[in-house]
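The values are calculated or read from the model by the stated rules, or taken from the named source; none is laboratory data. Note that this is a predicted model, so its numbers are computed, not measured. No Cβ is skipped: glycine too gets one built from the backbone with ideal geometry, and neighbour counts run over all protein chains shown.
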There are 2 protein chains.
Amino acid sequence: MARTEQAAAEAGRATLYEQVAARIAGLIEQGTFAPGSRIPSVRALARQMEVSVSTVLEAYGYLEDQGMIEARPQSGYYVKARVPSPPAAPRIERRMLSPTTVTTRDLSVMVMRDTILMKHVPLGAAIPNPELLPAEKLSRMLSAEARRHRTESLSYDFPPGCKPLRVQIARRMLTAGCALDLDEIVTTSGCLEAVNLALRAICRPGDIVAVESPCYYNFLQAIEAMGLRALEIPSHPVHGMSLDALRYAIDHHPVRACLVVTNFSNPLGCLMPDDHKRELVEILGARDIPLIEDDLVGDLSHSQHRPTVAKNYDRKGLVLLCSSFSKTLAPGYRVGWIAPGRFQEEVERQKAMANVATAMPTQLAIAEFLANGGYDHHLRTVRRVYARQASLMADAVGRHFPEGTRVSSPAGGYVLWVECPEYVDVLKLYGLAIGAGITICPGPIFSARGKYGNCIRLNAAFWSPRVEQAVEILGGFATEMRG
Amino acid sequence: MARTEQAAAEAGRATLYEQVAARIAGLIEQGTFAPGSRIPSVRALARQMEVSVSTVLEAYGYLEDQGMIEARPQSGYYVKARVPSPPAAPRIERRMLSPTTVTTRDLSVMVMRDTILMKHVPLGAAIPNPELLPAEKLSRMLSAEARRHRTESLSYDFPPGCKPLRVQIARRMLTAGCALDLDEIVTTSGCLEAVNLALRAICRPGDIVAVESPCYYNFLQAIEAMGLRALEIPSHPVHGMSLDALRYAIDHHPVRACLVVTNFSNPLGCLMPDDHKRELVEILGARDIPLIEDDLVGDLSHSQHRPTVAKNYDRKGLVLLCSSFSKTLAPGYRVGWIAPGRFQEEVERQKAMANVATAMPTQLAIAEFLANGGYDHHLRTVRRVYARQASLMADAVGRHFPEGTRVSSPAGGYVLWVECPEYVDVLKLYGLAIGAGITICPGPIFSARGKYGNCIRLNAAFWSPRVEQAVEILGGFATEMRG
């Protein structure tokens, strides 16, 4: 339901085909069109809604990518059986809303090591599919820019970093409704570095950082490494962080900063609605608590609508917005950025202390791609592909995993959160998977409280028959654990 | 004297012209050839020493670069008047050998900001001269490698990082007498990042790190940012860190790590002799104290002899050797490395947490340059140029700064340490310099103890008539302070 409402709420800004798709999706979710039933033909719907046939085709194509409907040859479009259900909303226990020391270090070292097992089926690390990256164009731009800026590309580029790139980032962020001046942006070596700089600029050892639960494991590791404590706030699989729980937590603990992936969080893939973003900024702003906002996959929405960021509602300079081009263009270029608000000077200092500057040639290449590479066109393609692959993988999990398994329905990005029945021990499953030549990401590394022992995160970016087979194998292992 | 002895000690490994140069330098230092006097003609010396005329010409060219002799047209070679003297050996006061909290933060923020005043005469930051970087060749290699490794150059390159680069680094380090396996090397975004990762892998807040005094200011800043304390060990302007003082310090304080620039330290430019390096490793090894060794400018020796590293004497895996190609090839590429010994796993984890990986295209370009770019030929050129420029700048300081000013005589790199008479207040000088369009690096940021209030560091890499004029202006300001 909520997804549909959100889609409707966004309809004002949506394109025509998205409006049509949202209408049909609503009817499916309300049960007007039941699973397995036929929906109106393309011509019929075009007549009914007074739109063109091509608009309906586009809308149906989109709903297919989302895994909501399927085309049957010579017959028409049908509502798919939506196995499996999404994870349930979290139960919020107040006694659990207290800071914890992170102790998942050994586990994360193991997982990090295994991510470089290159011959394994790569369902573990959240890396993008290299085949979907614009390799040809980027390497051409890398060359051209290195020639064009021969001396600059060789020289130090002290914080705030490469100006042409900052210009392009400021322009791009307007499409997310966020007006940033180029001097408010500091370039970094990827988004994780941006988050690290933000934490270092704000926190001192012993400080408490409120995070989502489940929480991206590298954030927990960074918190541990800096001697901070994590306060895990449950996240709803559709709306993201529970703001009630956050309110309770900051009423009862001296929270120094809050770290949230507002758009398509990792691992849940949830999208915080705009009004929640505004509320989040207000709740924290009232107490002058900085918000570190990670918008790493904001551009990888499964709809063609790019959601806004919490930074958009920031009036006090308290939001430090972090992102990069690692998921959309080139992970290996290590180009990210931060808009650190009132922490600008300290973030620049932390950047200079960490590694002086970000590599110049890759910054120039990304800037050129944003300016003249057809980034929007590129995004339209990858958004559809990832939406489709996430949906196909969710279906496969539904077919192969034991009954009672739930799967997230991400609104963007390409990772799935799989909640197995309680009897499934995912650390055991992890070992079996590695033995079978498959990497996965075990749930417990997403919590400092030892939660998610029955959950795994899967990367759908490499969807292929080989990956489908791997899902089947994993499902078999999980099923056998029923004992 | 010491420089000559050292040169003689290295004679076994030195080329013939270096042996000839060391002999003449010894005679000059002993006073056999007094300042202003004529030394033997090229032909006469060739006969006396039974070497070729071209060998003597090369030796005399080298001594000219070192600023020891000068050619006078139609007359021959003369010993230069060696104004000014090098800084005196430090007085070692035991009560000063205790840990200090770093408090030079505001000063370093100011200096960092001023380094980007691009229109100023750049004597502040220790950046290399872009005109001496192989821009043409590197940008060609950047392009070629990006095309050749289209997919890899786009993808994550998890620690330990780019293999072709590690292969080349291992080969290069053999020329410094240090045998490293490529799997013992982790690539980083520059040398400063390598040092940061090393400190993070070893230290916890409150720990004590022994450093040289004067100490590169970014090290002090990193120590402050991690909540560590610095224990400053006086450095001799020729031999580097006082090992007696270090022994006393570790006898009296729980030193957790020792951080030393063994070759051409910043700011003194001193070169720790091989036997001191061995002793340093032994002193620390006896107590299992890790040594973080910075060899950033090791390749920029003013002789053509590349000194070895302390890591060469490491039998316990306690030395973490850090370096980069920022001073020799391309600061803007941000390519460095660390050989972390027994801390390998933890350093790799810290790297993954900091920014996942180092930019791939620039790593591939540097690897290709090391393999096929003529790195040795390039080094031969820049070594001579920097030796000559450091010597010319030292002369200019001698001419223009007030009486009693002392200047370092760096054995490598391109920075000079200028010790003015006590009455010179370099923070005041700093302000005057900025006002006159000149950046300099004020001495107090090189100490957590507020030392060096009468010292400045100058970058000689950009030597030109404009720089000479800037030195004259600075000398004028300093002279006026006599009051």
Can we say B:GLU346 is touching a residue at least 40 places away in the same chain (Cβ under 8 Å) and within 21 Å of B:SER189 (Cα to Cα)? yes
Hits in the range B:174-188 - residues which are over 15 Å from B:GLY341 (Cα atoms) and either more than 9 Å from chain A (Cβ to nearest Cβ) or of a type in the set (Phe, Trp, Tyr) (or both): B:LEU174, B:THR175, B:ALA176, B:GLY177
Could we say that A:GLY332 is without any contact (Cβ under 8 Å) to a residue 60 or more places away in the chain, buried (at least 24 other Cβ atoms within 10 Å of the Cβ) and either facing chain B (nearest Cβ under 10 Å) or out of contact with any Ser or Thr (no Cβ under 8 Å at 6 or more places or on another chain) (or both) here? yes
Can we say B:ALA146 is of a type in the set (Gly, Ala, Ser) and modelled with pLDDT under 95? yes
What's the number of the only condition in (1) aromatic (Phe, Trp, Tyr); (2) closer than 30 Å to B:ASN129 by Cα; (3) surrounded by fewer than 23 Cβ atoms within 10 Å (Cβ to Cβ) that B:PHE325 fails to meet? (3)
Quick one: in the range A:426-466, of everything that is without any contact (Cβ under 8 Å) to a residue 12 or more places away in the chain and part of a helix (DSSP H, G or I), which residue is nearest to A:PHE219 (Cα to Cα)? A:GLY431
Which listed residue is surrounded by fewer than 23 Cβ atoms within 10 Å (Cβ to Cβ), among the basic types (Lys, Arg) and within 18 Å of A:ALA89 (Cβ to Cβ), from A:ARG256, A:ARG247: A:ARG247
Would you pick out the residues in the range A:84-110 that are closer than 25 Å to A:LEU300 by Cα and either touching a helix residue (DSSP H, G or I) at 6+ places or on another chain (Cβ under 7 Å) or free of Cβ contacts under 8 Å to residues at least 40 places away in the same chain (or both)? A:PRO84
Against the condition over 25 Å from the mean Cα position of the chain (by Cα) and small (Gly, Ala, Ser), how does A:GLY476 come out, does it pass? yes
Restricting attention to the range A:190-229, report how many residues are in a loop (DSSP other than H, G, I, E, B) and either in contact with a Cys (Cβ under 8 Å, 6 or more places away or on another chain) or not assigned by TED's automatic domain parsing to the domain that holds A:ALA330 (or both). 3
Do we have any residue at all in the range A:86-107 that's within 20 Å of A:PRO331 (Cα to Cα), within 14 Å of another protein chain (Cβ to nearest Cβ), assigned to a helix (DSSP H, G or I) and within 25 Å of the chain's Cα centre (by Cα)? no
Those residues of the range A:108-135 which are farther than 18 Å from B:VAL356 by Cβ, more than 7 Å from every other protein chain (Cβ to nearest Cβ) and assigned to a helix (DSSP H, G or I), in sequence order: A:GLU131, A:LEU132
Only one residue in B:MET112, B:MET173 is under 23 Å from the mean Cα position of the chain (by Cα), aliphatic (A, V, I, L, M) and outside the structural domain of B:PRO267 (by TED's automatic domain parsing). Which one? B:MET112
From the set of residues in the range B:359-390 that are touching a Lys or Arg at 6+ places or on another chain (Cβ under 7 Å) and not in a helix (DSSP H, G or I), which is surrounded by the most Cβ atoms within 10 Å (Cβ to Cβ)? B:ALA359
Scan the range A:137-158 and report the pairs whose first residue is facing another protein chain (nearest Cβ under 7 Å) and whose second residue is surrounded by fewer than 18 Cβ atoms within 10 Å (Cβ to Cβ) and at pLDDT below 95, with Cβ atoms within less than 8 Å and a gap of 6+ or a chain change. A:SER139/B:ARG147; A:SER139/B:ARG150; A:SER143/B:ARG147; A:ARG150/B:GLU136; A:PHE158/B:ILE116
Answer residue from the range A:211-222, given it is out of contact with any Asp or Glu (no Cβ under 8 Å at 6 or more places or on another chain) and aliphatic (A, V, I, L, M) and is farthest from the other protein chains (Cβ to nearest Cβ) among those: A:LEU220
Residue check, B:GLY206 more than 14 Å from chain A (Cβ to nearest Cβ), of a type in the set (Gly, Ala, Ser) and surrounded by fewer than 21 Cβ atoms within 10 Å (Cβ to Cβ): no
How many of the residues making up the range A:378-430 are farther than 15 Å from A:ASN459 by Cβ and of a type in the set (A, V, I, L, M, F, W, C)? 8
Go through the range A:37-73 residue by residue and tally those that are closer than 29 Å to A:LEU300 by Cβ and assigned to a loop (DSSP other than H, G, I, E, B). 6
Output the residues belonging to the range A:183-229 that are touching a Phe, Trp or Tyr at 6+ places or on another chain (Cβ under 8 Å) and of a type in the set (Gly, Ala, Ser). A:ALA194, A:ALA198, A:ALA201, A:SER213
Expected single match for of a type outside the set (Phe, Trp, Tyr), touching a helix residue (DSSP H, G or I) at 6+ places or on another chain (Cβ under 8 Å), surrounded by fewer than 21 Cβ atoms within 10 Å (Cβ to Cβ) and not in a loop (DSSP other than H, G, I, E, B) among B:GLU232, B:GLU282, B:GLU293 is B:GLU282
Return the pairs, sorted by first residue and then second, in which the second residue is modelled with pLDDT of 80 or more and surrounded by 15 or more Cβ atoms within 10 Å (Cβ to Cβ), the first residue lies in the range B:7-36 and is of a type in the set (Phe, Trp, Tyr) and assigned to a helix (DSSP H, G or I), the beta carbons are less than 6 Å apart, and the residues are 6+ apart or on different chains. B:TYR17/B:THR55; B:TYR17/B:GLU58; B:TYR17/B:ALA59
Counted residues, the range A:454-483 - those being at pLDDT below 95 and either within 23 Å of A:SER265 (Cα to Cα) or among the hydrophobic types (A, V, I, L, M, F, W, C) (or both): 0
Here are some residues: A:CYS191, A:CYS162. Which one is within 19 Å of the chain's Cα centre (by Cα) and either farther than 27 Å from A:ILE289 by Cβ or within 13 Å of chain B (Cβ to nearest Cβ) (or both)? A:CYS191
